[in-house]
1. Might you check whether a residue that is in contact with a Ser or Thr (Cβ under 6 Å, 6 or more places away or on another chain), surrounded by fewer than 20 Cβ atoms within 10 Å (Cβ to Cβ), outside any loop (DSSP other than H, G, I, E, B) and of a type in the set (A, V, I, L, M) occurs anywhere in the stretch 11-18?
2. Consider only pairs whose beta carbons are under 6 Å apart and that are at least six residues apart or on different chains; among these, list those whose first residue lies in the stretch 110-138 and is under 19 Å from MET211 (Cβ atoms) and whose second residue is of a type in the set (Asp, Glu) and at pLDDT below 95.
3. Considering the stretch 19-32 alone, what residues qualify as being touching a helix residue (DSSP H, G or I) at 6+ places or on another chain (Cβ under 8 Å) and not in a helix (DSSP H, G or I)?
4. Does any residue in the stretch 63-84 that is touching a residue at least 24 places away in the same chain (Cβ under 8 Å) come within less than 6 Å, Cβ to Cβ, of a residue that is surrounded by fewer than 20 Cβ atoms within 10 Å (Cβ to Cβ) and β-branched (Val, Ile, Thr) six or more places away or on a different chain, and which pairs are these?
5. With respect to SER82, is the statement that it is polar (S, T, N, Q), under 30 Å from LYS148 (Cα atoms), modelled with pLDDT of 95 or more and out of contact with any Gly (no Cβ under 8 Å at 6 or more places or on another chain) true?
6. Residues being touching a strand residue (DSSP E or B) at 6+ places or on another chain (Cβ under 7 Å) and of a type in the set (Ser, Thr, Tyr): count how many of those fall in the stretch 169-213.
Amino acid sequence: MRSIYVEQMEHAPSLIADIIEREYQDKGSLRIGIPGGRGAKVVIEALLSLDDSVVADTMLYLVDERLEGERNEPMLMAYGLSRAVKEQRFDLSHLIIPTLFMKLPEHFFFDLLFLGVGEDGHFASLFPDSYTGEHDEEALKEIEESPKPPNRRVTFTFSAFASYSRKRKVYLLCFGDGKREAYRRLMKGTEKPDTLPSLFFEQQGFDPVVMTDLADPGDAEGA
């Protein structure tokens, strides 16, 4: 698995901005999948650093949401989207928050997918022991007993990620010392998605890229 090293997380938005800009120049309007938490912050900062035309032509899809407790949506707004809406740079209807019965456009796909990697290797709300290898009929599902608070969440399924991201660019964001062990396991690549869900994309034949501030990529790949 390939990785990109950034010396500090604060340097990530400029790198992500370049990725978004290149994709926009190639495709025009974009659909970008984004995580919650700190990973969302760097993606939103990256997008809002670009020209108004790019911002206006971008749809943001949160890949999971909490159904109780502190929700992700207000954090996304606090990371800069609220100001962008007030300045009429970003249309609030371009922020899509997942709900259990949400209907996606026909032939939907992500142009870019940025996913945060958790300390246990989870992404979205797909935790260890949740991968069965079976096809999910629905694009979204409810998690009722999450191993990480809060208990109730809604998330895109493994099957949805496989379908909607096929042949697209997937970036796994692994920032902070608390992710060091997950990063080591991810780069080692000897597990299965049932124990380390973030290995799902590589083992599905994708070419995911890990973006991290933890170690030199060459060191990680040789671990």
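The values are calculated or read from the model by the stated rules, or taken from the named source; none is laboratory data. Predicted model only: the values in this text are computed from it and were never measured. Ideal geometry is used to build each Cβ from the backbone, glycine not excepted, and the neighbour counts take in all protein chains shown.
1. Filtering the stretch 11-18 for residues in contact with a Ser or Thr (Cβ under 6 Å, 6 or more places away or on another chain) gives 17.
Adding the requirement that they be surrounded by fewer than 20 Cβ atoms within 10 Å (Cβ to Cβ) leaves 17.
From what is left, the residues that are outside any loop (DSSP other than H, G, I, E, B) are 17.
Narrowing further to those that are of a type in the set (A, V, I, L, M): 17.
Among the residues of the stretch 11-18, at least one is in contact with a Ser or Thr (Cβ under 6 Å, 6 or more places away or on another chain), surrounded by fewer than 20 Cβ atoms within 10 Å (Cβ to Cβ), outside any loop (DSSP other than H, G, I, E, B) and of a type in the set (A, V, I, L, M), which makes the answer yes.
2. Sorted first by the residue in the stretch 110-138, then by its partner, the list stays empty.
3. LEU30, ILE32
4. Matching pairs, first to second residue: GLU65/ILE97; GLU73/ILE97.
5. Values: polar (S, T, N, Q): yes; under 30 Å from LYS148 (Cα atoms): yes; modelled with pLDDT of 95 or more: yes; out of contact with any Gly (no Cβ under 8 Å at 6 or more places or on another chain): yes.
Answer is yes for this residue.
6. The qualifying residues number 4.
To keep it simple, each residue is scored yes or no on (1) assigned to a loop (DSSP other than H, G, I, E, B); (2) under 15 Å from the mean Cα position of the chain (by Cα).
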{"residue": "SER146", "(1), (2)": "yes, no"}
{"residue": "THR155", "(1), (2)": "no, yes"}
{"residue": "PHE161", "(1), (2)": "no, yes"}
{"residue": "GLY178", "(1), (2)": "no, no"}
{"residue": "ARG184", "(1), (2)": "no, no"}
{"residue": "THR190", "(1), (2)": "yes, no"}
{"residue": "GLY205", "(1), (2)": "yes, no"}
{"residue": "VAL210", "(1), (2)": "no, yes"}
{"residue": "ALA215", "(1), (2)": "yes, no"}
